[in-house]
Every structure is written in C-alpha cells, then in structure tokens.
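I'd like to ask some things about the structure below.
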Amino acid sequence: MNHSPRSQSVPPKKQPVRATEKLLLSREEAAQVLSISQRALDYLIANRRLPTKRIGGRVLISVADLRKFARGDHAELIVA
C-alpha cells in the first residue's frame, strides 16, 4: 500500500475588493472618495443630502449615489 500524503487543495486567498469595484462603501471609504472629512460626510447623511443603506449595524453609501452627489453643484457650506 502506498501511504503518500494526499495533496490537499488550499483555497485561494481572497483578494481585497478595490473601492472602484464595490457597489457600497463604508462611511470612511465614502469620505475618502469625496475628499472630505468623515464628520462632513456624517453632516451630509444627517441632512439627507446623501442617502445611505443599513446592513446590520453598518451604514453604507452607494457608489452610484456618491457619483451623483459629486457631479452636483454644492455652493453652500457643508459645515457651518
């Protein structure tokens, strides 16, 4: 009998998903994409200028909504 070790298949390591490939971003990622502080992003969310989705306890922002917001003209101050 041949008792050679079985070749175990190792699952490939998960590659992190790039922000450009995601559909939803965390608050931190969204603030970075818009080049604003997280506090300014929270202000936009609180004033319903930027819609969010809740999954469990996480607050996520759609990439499509970020792009839509970024294309708009925002002459007013974000934080007073």
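When you look at A31, is it modelled with pLDDT of 95 or more, surrounded by 10 or more Cβ atoms within 10 Å (Cβ to Cβ) and of a type outside the set (D, E), yes or no?
In short, yes.
Which condition number does I78 fail, the rest of (1) within 14 Å of the chain's Cα centre (by Cα); (2) modelled with pLDDT under 95 being met?
Among (1) within 14 Å of the chain's Cα centre (by Cα); (2) modelled with pLDDT under 95, the lone unmet condition for I78 is (1).
The values are calculated or read from the model by the stated rules, or taken from the named source; none is laboratory data. Worth saying up front: this structure is predicted, and the values here are computed from it rather than measured. Every residue, glycine as well, gets a Cβ built from its backbone with ideal geometry; the counts of neighbours run over all protein chains shown.
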